[in-house]
Amino acid sequence: MDDIYDLFVIGGGVNGCGIARDAAGRGLRVALAEKGDLAGATSSASTKLFHGGLRYLEYFEFRLVREALIEREHLLAAMPHIAWPMRFVLPLSRDMRFEGETPTSRLLSRVMPWLKGRRPDWIIRMGLFLYDHMGGRKMLPPTRSLSLAEDPAGDALQPQFARAFEYSDVWVQDSRLVVLNARDAQARGAQIMVGTRVLSARRADDLWVIETDQGTYRARALVNAAGPWVRQVLGQTGVRSAARVRLVRGSHILVPRIADHDRCYFLQGPDGRIIFAIPFEQDFTMIGTTDMDHEDPDTPPTLTGAERDYLLEFINRYLAKPLTENDIIHSFAGVRPLYDDGASAAQAATRDYVLELDSDGAPLLSVFGGKITTYRKLAEHALEKLAPSFPRMSGAWTARAPLPGGDFPVAQAASRTDALRADYPFLSARDAQRMFRAYGTDASGILGDAKTRADLGRDFGAGLSEAELRWMVTHEFARTTEDVLWRRSKLGLVMTPEQIEGVAKFLSERLAPA
């Protein structure tokens, strides 16, 4: 209670951790409280893309798309171990239609009524031209046309799909993105507190007094980055706000790998909606997402039967070998706290963010909406709004500043993976790739002087060693089996129940507090 922080952040998702990192790097004294685990909600259940949002062009969200496209390359440069370029194959069909209420569809229905709602190829190509050029693309290759009869991307598709466009975006390991932001914030002096629930917050003597289940803290400014719970946190502070969030559930399914290549499919439905089919964790394909309103943030999001059937029916319009419910290996769902702009449909709600500053006393900044691609820019804008309260705070610094393990050029990712295996020849190619894509240049810090796998301690299976598990606990705030196997990694997909129980037992017995 005697210590006063400059900034106290509520929420350990990507926005909260991004703000904490940026603020700590500017010299502010920062604390962050997360009631569960880092990335424990929305930020680990995304579609895992740094992208401009091609479909947002149909909503005329040009500023959002441009900002996101610029950020896409900043972020790729800052974390080339957990993010990497990916090509997206967009098959073309005369059956494709616009979503009925987009600004583009309304405009074309007036000026080109003969299209009758159809999304013609030339409109898609024009959108991709804008997508290629409005964000200053430098590292990623441009759009090209494909013959699906000749390109391997056509092998998994029905023969009626003869042509496609192929464009670029970036894949990211979303939960590791959050953890690495928290690690970097801590390295710059921030106090990161997981498993710490905020009970109340009140203004007193130009400060915020924050009561948690772990103690009481004081801060000069408070940031409400609670995501789906942003309104509840506002209620705890007593601050009134007209801003609202719209909770939209996005669900995904995982199936065995559907294609023998590393490209993603961008698939259009006859209702104007789109889904992705993305290579996932070496052995799987991730299919999603849905857009369904979700009423209560305290109700855990899960894939519904209707969403499962929708995703299967959608992708089976394209696949040469249809998928069934029995092919689903795993599913996950997350709740996106979108800024409520009054859109009639969940998929039409804006993905832009709104930062609301209440300065009636010690400042309170609340975050509404946003998307994973713009988290760093959102953090910069948040600090800009708070700058008058901290006149000695230094300026923006995070653009292309590497996250832990990402201090190497994008073009060296493959060669560095090969070098890791050469340094540690007991690693399989699969394990070397997983290790480097999780930890980058920090992988050697985990492996140390090991000459054999036995030197890494206990082998828990699926390539997880005791040395790596201890790293997750010591350096990455992991506390539970779910933290380790579903957020710091995705090894829960490939471990047996007995192996998972071994991890749980080790965590409870060997790493419990004294």
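The values are calculated or read from the model by the stated rules, or taken from the named source; none is laboratory data. Since the model is a prediction, treat every value here as computed from it, not as a measurement. Every residue, glycine as well, gets a Cβ built from its backbone with ideal geometry; the counts of neighbours run over all protein chains shown. Quick note on the areas: whole protein, heavy atoms, side chains included, nothing else; ligands and nucleic acids left out. Shrake-Rupley method; radii C 1.70, N 1.55, O 1.52, S 1.80 Å.
Do any residues in the stretch 201-225 that are under 20 Å from F390 (Cα atoms) and without any contact (Cβ under 8 Å) to a residue 24 or more places away in the chain have Cβ atoms under 6 Å from those of residues that are surrounded by fewer than 18 Cβ atoms within 10 Å (Cβ to Cβ) and hydrophobic (A, V, I, L, M, F, W, C), where the two are at least six apart or on different chains, and which pairs are they?
Taking only residues 6 or more apart or on different chains, not a single pair turns up.
Here are the criteria: (1) in a loop (DSSP other than H, G, I, E, B); (2) modelled with pLDDT of 95 or more. Tell me which single one A514 does not satisfy.
(2)
Would you be able to tell me the number of residues in the stretch 66-85 that are among the aliphatic types (A, V, I, L, M), out of contact with any His (no Cβ under 9 Å at 6 or more places or on another chain) and open to solvent by less than 10 Å² (accessible area, probe 1.4 Å)?
Of the residues in the stretch 66-85, the ones among the aliphatic types (A, V, I, L, M) are 68-70, 75-79, 82-83.
In the following step, the residues that additionally are out of contact with any His (no Cβ under 9 Å at 6 or more places or on another chain) were identified as 70, 75-79, 82-83.
Subset that is open to solvent by less than 10 Å² (accessible area, probe 1.4 Å): 75-76, 78-79, 82-83.
The total comes to 6.
Just checking, how many residues over the stretch 311-354 are open to solvent by less than 30 Å² (accessible area, probe 1.4 Å) and at pLDDT 95 or above?
Number of matching residues: 10.
So which residues in the stretch 202-226 are surrounded by 22 or more Cβ atoms within 10 Å (Cβ to Cβ), farther than 16 Å from L357 by Cα and under 29 Å from the mean Cα position of the chain (by Cα), if there are any at all?
So the first thing to find is which residues in the stretch 202-226 are surrounded by 22 or more Cβ atoms within 10 Å (Cβ to Cβ), and the list is 208, 210, 217, 219, 221-226.
Filter once more, keeping what is farther than 16 Å from L357 by Cα: 210, 217.
The one that is surrounded by 22 or more Cβ atoms within 10 Å (Cβ to Cβ), farther than 16 Å from L357 by Cα and under 29 Å from the mean Cα position of the chain (by Cα): I210.
Would you mind finding the one in G53, G13 that is touching a residue at least 40 places away in the same chain (Cβ under 8 Å) and open to solvent by less than 10 Å² (accessible area, probe 1.4 Å)? Let's see the steps before the verdict.
On the way: G13 fails: open to solvent by less than 10 Å² (accessible area, probe 1.4 Å).
G53 is the lone residue from the list that is touching a residue at least 40 places away in the same chain (Cβ under 8 Å) and open to solvent by less than 10 Å² (accessible area, probe 1.4 Å).
Is it the case, given these coordinates, that L507 is crowded, with 20+ Cβ neighbours inside 10 Å, in contact with a helix residue (DSSP H, G or I) (Cβ under 8 Å, 6 or more places away or on another chain) and more than 17 Å from M79 (Cα to Cα)?
No; evaluated as a whole, the condition is false for this residue.
Taking into account only those residues within the stretch 429-461 that are of a type in the set (K, R) and surrounded by fewer than 18 Cβ atoms within 10 Å (Cβ to Cβ), which is farthest from G502 (Cα to Cα)?
Going residue by residue through the stretch 429-461, those that are of a type in the set (K, R) are 430, 434, 437, 451, 453, 458.
If we keep only those that are surrounded by fewer than 18 Cβ atoms within 10 Å (Cβ to Cβ) as well, we get 430, 451, 453, 458.
Numbers: R430: 22, K451: 24, R453: 18, R458: 10 Å.
Looking at the filtered set, the residue picked out is K451.
Specify which of the listed residues (G36, G11, G27, G40) is closer than 18 Å to V354 by Cα and of a type outside the set (A, V, I, L, M, F, W, C).
G11
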